[in-house]
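Trainee: Quick one: structure below, then a few questions.
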Amino acid sequence: MSKTILTVDDSRTMRDMLRMALVDAGFNVVQAEDGVHGLEVLQGETPDVIITDINMPRMDGYGFIEGVRADPKHRAVPILVLSTESSPEKKMRARDAGATGWIVKPFNSEKLVDAIRRVAA
Amino acid sequence: MDPMAEIKATFFQECEEQLVELESGLLAMDAGDDSSETVNAVFRAVHSVKGGAGAFGLDELVHFAHVFETTLDEVRAGRLAPSPEVVKPLLRAADILADLVRAARDGGSVDPARGEASASELRAITGMEEDGGADDDGMDGLVFTPMQVSLPPIGDAPAGEPELDIAALLAAAQPDPAPEPEEPGGWTLTFKPKAELYKKANETVLLLRELARLGDVEVELDASELPLLPHLDPEGSYLSWNIKVRGPAPEGDIREVFDFVESDCDLTVAPIGEETEGLSADDVAAIASAEAELDIAALISRAQTAGSEPAQDSVGQGSAPEAESLTPAAPAPAPVAVAPTPAPAAEAAPARDSKAAAAAAAGATIRVDLDRVDRLIDLVGELVINQAMLAQRVNEAGLARASSVAVGLDELEQLTREIQDSVMAIRAQPVKSVFQRMPRLVREVAAVVGKQVRLVTEGEGTEVDKTVIERLTDPLTHMIRNAIDHGLESTEKRIAAGKNPEGVVRLSALHRSGRIVIEVADDGGGINRERVKSIAIEKGLIAPDAALTDEEIDNLIFLPGFSTAATISDISGRGVGMDVVKRSIQELGGRISITSRPGLGSTFTMSLPLTLAVLDGMVVTAGQQTLVAPLTAIVETLQPRRSEVHSLGDGARVISIRGAYVPLVDVGLSLGYRSEPLDAEQGVALLIEGEGGSRAVLLVDAIQGQRQVVIKSLEANYRRVPGIAAATILGDGRVALILDIDALVAASRGTEAPRMLQAG
């Protein structure tokens, strides 16, 4: 059975690109538009991996990751941060929030699938 | 369309939205709003444009957005206060960003000097270095660490792995900074995860699998720290691994595997053979004897990470079959794992969720192709006509008003009207989309004419039909330019007059009695009536001895060929005056008027129909023709008495209404339906009010009734006819013309009469 990936990004462009890359790689894709929406989606979905942006309205990526980690049902889901920001402080902040790994934008399909493979069995 | 092109189109669409967000956010900051919400929204907008631009390789855009973003980040972090000196350059940068986006979309180009000027301005604010540019934005997060390790020669490479050797050669062919004096042997790793590693959903078995991709792997589990069950923290981490990776992979590749977890584990990497030889026989025996405990250990480790997938065969061809063979036996996440969840977080989450759900429900939208909506509107228009026809047939068939058919038809009429309103609401959009283009215009015009101007907008959420909105931009643009160029005094004059040197242009929208009213007001000097009048006389627009009210003088500026500016500036256009604005408003079925108070400013008021698709009309007969007069223009209807009508010399007539003389327009005569004037006492008079409050009386043969009609453009289907605004189809299937009230009023005043008659 193919894996389900939840992507959380406020940019429609990014969501479309992620969807295209992930569907091409054979994943099921579920999408959310920001952290709050992401947590809502998680009430009905059990993705194998979550990919989230950091800068989002309503609830940013850090808040979202913390929210997922605080949810008994999803706390063990690997979360990849997709961000243009690659500074060590930003990574540290994401890690402290509970991120599993990260992908730096701009990404390509290969990089994306590679990162998913690294965190999901 | 290929998928990438489609996504790119989405990107540009999204950019436009982000640019709007950006501008409105910056304007809010300019007005003193320094809330983190606003600053974050502004930051995100630029960030989002940059992110997408990077994906499409739009380097120029990325570069500028990066400088912009960096400046905003300073503001966001509170290191830079959003003072006017900071926000103004940000606004200019937003304009350039918008130009860059459009240039990228339409293939144009932006003057690099402008972009550079703005970028330097931004750098100056933050004290950024030149070309602190977009360089840190690339791949450095995933770049392999350059190697400084020199590999010691290894005696014996593991034998009997020809396939791996080929892979090794291929890998070695890639650029590899590490000097390789001899065939590399591999690496010995010790890996001790901390509990945090598992909390972040990282997984040892996956790391091991990644290592196995780099070479031949031997994995050995060290369970020596595993406590007895009573002392065991179910979420603790007690296991560590000794791993040997044989193959040519450089240390960077090995460490890269642990990139995500480097701060959550103790990791040592050393070349094979440097440390004491791997596994002693004793160790193996110890592990074997610990097998019983290992069962539990592995289960717990699995429960912590809660993965449900089977372990990989590819891992662990080496000497640690115990660890590997145990993992598949993992059960579903154990319930104990729930316990440590912090209670406050669990409570906070549902509260946040319910609020968010409400917000999401309020903003739920779908995107629909405009053609579909237009088609639906057309169909509803047909439905209205059809329903009117049906009503007429029923009436003709002589059915009683109280008959069930007639009652049913009434209900149908109500329903039709509701459907129509609902469909119209689909097309309705807030005027915001037009209003938000104006701040930039104001900035640009203000800069050119050298005045300080503040734009205040109100009622941006007021909704009006999309077609009206689309055609509102040009007249509004012109009026705002006019207000800044002609309406506001120069800064010196304002100071001399004791006014705030910064002029205010107010743009507002509101709904009033089924129409949308849009006002453009300035707090300038008001209309110089002396000058307006003398110019009008000079240009032969009015007679030198004409006695005009203040209001009439103000309205002179709408006459064709009138321009008050002594020098025609390139701001308000060349010879294009308010008459063009007036005409485009009229084409929308609207009216425009001006009020002006000397020293306090002028206000232009536009009143527009909410939709161009339907109209409440009075159906009248004139010279055997059925015509429709827009109900909104009709003030009252009256039965004229012969004594009230007075003839003027040239055949024109006026009617006295409560002591005031109002021009009388014989509709049948002025539209050419008959050649003899209608006896006023034989007809019905409609008192109408055109834009600016000017009144006239339309004389028609009879009134048929009041009806909602569907507007069909005459221009689109036939051609423009003076005095006629549009056409409609009545219940009996005949076409009726809709009167252009303003043209008729103007004709009655003689101002536009010659043109109308010539064109007719």
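Trainee: Are any residues in the stretch B:211-236 within 14 Å of another protein chain (Cβ to nearest Cβ), surrounded by 19 or more Cβ atoms within 10 Å (Cβ to Cβ) and touching a helix residue (DSSP H, G or I) at 6+ places or on another chain (Cβ under 8 Å), and if so, which ones?
Mentor: At the first step, the residues of the stretch B:211-236 found to be within 14 Å of another protein chain (Cβ to nearest Cβ) are B:211-214, B:234-235.
Right, trim to surrounded by 19 or more Cβ atoms within 10 Å (Cβ to Cβ) and you get B:211-212, B:214.
Matches in the stretch B:211-236: B:LEU211, B:LEU214.
Trainee: When the stretch B:59-80 is examined, which residues are found to be within 12 Å of another protein chain (Cβ to nearest Cβ) and either surrounded by fewer than 22 Cβ atoms within 10 Å (Cβ to Cβ) or of a type in the set (Val, Ile, Thr) (or both)?
Mentor: First pass over the stretch B:59-80, keeping only residues within 12 Å of another protein chain (Cβ to nearest Cβ): B:59, B:62, B:65-66, B:69-70, B:72-73, B:76-77.
Within the stretch B:59-80, B:ASP59, B:VAL62, B:THR70, B:ASP73, B:ARG76, B:ALA77 qualify.
Trainee: So B:VAL245 clears everything in (1) touching a helix residue (DSSP H, G or I) at 6+ places or on another chain (Cβ under 9 Å); (2) surrounded by fewer than 21 Cβ atoms within 10 Å (Cβ to Cβ) except one condition, right? Which one?
Mentor: Condition not satisfied by B:VAL245: (2).
Trainee: Moving on to the next point. On the given criteria, is B:GLU519 among the charged types (D, E, K, R), surrounded by 15 or more Cβ atoms within 10 Å (Cβ to Cβ) and either in a loop (DSSP other than H, G, I, E, B) or touching a strand residue (DSSP E or B) at 6+ places or on another chain (Cβ under 6 Å) (or both)?
Mentor: Values: among the charged types (D, E, K, R): yes; surrounded by 15 or more Cβ atoms within 10 Å (Cβ to Cβ): yes; either in a loop (DSSP other than H, G, I, E, B) or touching a strand residue (DSSP E or B) at 6+ places or on another chain (Cβ under 6 Å) (or both): yes.
The answer is yes for B:GLU519.
Trainee: Right, another one. Could you list, in sequence order, all residues of the stretch A:19-51 that are surrounded by 22 or more Cβ atoms within 10 Å (Cβ to Cβ), within 10 Å of another protein chain (Cβ to nearest Cβ) and in contact (Cβ under 8 Å) with a residue 40 or more places away in the chain?
Mentor: A:VAL49, A:ILE50
Trainee: How many residues, within the stretch B:3-47, are farther than 15 Å from A:MET17 by Cα, facing another protein chain (nearest Cβ under 8 Å) and among the acidic types (Asp, Glu)?
Mentor: Total satisfying the criteria: 0.
Trainee: Next question. I'd like to check something: does the stretch B:652-673 contain any residue that is touching a residue at least 24 places away in the same chain (Cβ under 8 Å), more than 38 Å from the chain's Cα centre (by Cα), buried (at least 18 other Cβ atoms within 10 Å of the Cβ) and under 20 Å from B:GLU587 (Cα atoms)?
Mentor: The answer is yes; a qualifying residue exists.
Trainee: Moving on to the next point. Is there a residue in the stretch B:126-146 that is among the aliphatic types (A, V, I, L, M), surrounded by fewer than 16 Cβ atoms within 10 Å (Cβ to Cβ) and modelled with pLDDT of 75 or more? Give the steps one after another, and end with the answer.
Mentor: So in the stretch B:126-146, the residues among the aliphatic types (A, V, I, L, M) come out as B:128, B:134, B:139, B:142-143.
If we keep only those that are surrounded by fewer than 16 Cβ atoms within 10 Å (Cβ to Cβ) too, we end up with B:139, B:143.
Then keep just the ones that are modelled with pLDDT of 75 or more; that gives none.
No, that holds for no residue.
Residue-wise test of (1) among the acidic types (Asp, Glu); (2) in contact with a strand residue (DSSP E or B) (Cβ under 7 Å, 6 or more places away or on another chain); (3) surrounded by 14 or more Cβ atoms within 10 Å (Cβ to Cβ).
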site: B:ALA391; (1), (2), (3): no, no, yes
site: B:SER404; (1), (2), (3): no, no, no
site: B:ASP410; (1), (2), (3): yes, no, no
site: B:PRO430; (1), (2), (3): no, yes, yes
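Trainee: Another one. Does the stretch A:90-106 contain at least one residue that is closer than 24 Å to A:GLN43 by Cα and in contact with an Asp or Glu (Cβ under 7 Å, 6 or more places away or on another chain)?
Mentor: yes
Trainee: Right, next: Out of all the residues in the stretch B:387-414, which are farther than 20 Å from B:ILE729 by Cα and either β-branched (Val, Ile, Thr) or in a helix (DSSP H, G or I) (or both)?
Mentor: Of all residues in the stretch B:387-414, those farther than 20 Å from B:ILE729 by Cα come to B:397-408, B:411.
Passing the criteria: B:SER404, B:VAL405, B:ALA406, B:VAL407, B:GLY408, B:GLU411.
Trainee: Among the residues of the stretch A:30-55, count how many are aliphatic (A, V, I, L, M) and in contact with a Ser or Thr (Cβ under 9 Å, 6 or more places away or on another chain).
Mentor: The first filter runs over the stretch A:30-55 and keeps only residues aliphatic (A, V, I, L, M), leaving A:30, A:32, A:36, A:39, A:41-42, A:49-51, A:54.
Filter again for in contact with a Ser or Thr (Cβ under 9 Å, 6 or more places away or on another chain), leaving A:30, A:32, A:49-51, A:54.
Summing the residues that are aliphatic (A, V, I, L, M) and in contact with a Ser or Thr (Cβ under 9 Å, 6 or more places away or on another chain) in the stretch A:30-55 gives 6.
Trainee: If you take the residues of the stretch A:77-97 that are at pLDDT 85 or above and at the interface with chain B (Cβ under 7 Å from one of its Cβ atoms), which of them is farthest from A:LEU18 (Cα to Cα)?
Mentor: By that ranking, first place goes to A:VAL77.
Trainee: A follow-up question, please. Kindly state which strands (runs of 3 or more DSSP E) lie completely within the stretch B:431-516 and contain at least 1 residues that are β-branched (Val, Ile, Thr) and without any contact (Cβ under 8 Å) to a residue 24 or more places away in the chain.
Mentor: Numbers: elements: B:453-458, B:463-465, B:503-512.
No strands (runs of 3 or more DSSP E) qualify here.
Trainee: So, one more: Sort out which residues of the stretch B:182-195 are surrounded by fewer than 19 Cβ atoms within 10 Å (Cβ to Cβ) and modelled with pLDDT of 80 or more, and write them in order of number.
Mentor: Initially, the stretch B:182-195 is screened for residues surrounded by fewer than 19 Cβ atoms within 10 Å (Cβ to Cβ), giving B:182-183, B:190, B:192, B:194-195.
Those that are surrounded by fewer than 19 Cβ atoms within 10 Å (Cβ to Cβ) and modelled with pLDDT of 80 or more: B:THR190, B:LYS192, B:LYS194, B:ALA195.
Trainee: For the stretch B:86-95, indicate whether the set of residues that are surrounded by fewer than 22 Cβ atoms within 10 Å (Cβ to Cβ) and without any contact (Cβ under 8 Å) to a residue 12 or more places away in the chain is non-empty.
Mentor: no
Trainee: Somewhere in the stretch A:83-96, is a residue of a type outside the set (Lys, Arg), within 15 Å of the chain's Cα centre (by Cα) and within 20 Å of A:LYS3 (Cβ to Cβ)?
Mentor: no
Trainee: Which of the residues spanning the stretch A:56-68 are buried (at least 21 other Cβ atoms within 10 Å of the Cβ) and either at the interface with chain B (Cβ under 7 Å from one of its Cβ atoms) or in contact (Cβ under 8 Å) with a residue 40 or more places away in the chain (or both)?
Mentor: A:MET56, A:GLY61, A:PHE64, A:GLY67
Trainee: Would you confirm, using the coordinates I've provided, whether A:LEU112 is touching a Lys or Arg at 6+ places or on another chain (Cβ under 8 Å) and either more than 16 Å from A:GLU40 (Cβ to Cβ) or at the interface with another protein chain (Cβ under 7 Å from one of its Cβ atoms) (or both)? Reasoning before the result, please.
Mentor: Details: touching a Lys or Arg at 6+ places or on another chain (Cβ under 8 Å): no; either more than 16 Å from A:GLU40 (Cβ to Cβ) or at the interface with another protein chain (Cβ under 7 Å from one of its Cβ atoms) (or both): yes.
Answer is no for this residue.
The values are calculated or read from the model by the stated rules, or taken from the named source; none is laboratory data. Everything quoted here is computed from the prediction, not taken from an experiment. When we count neighbours, we look across all protein chains shown, and the Cβ atoms used for this are built from the backbone with ideal geometry, even at glycine.
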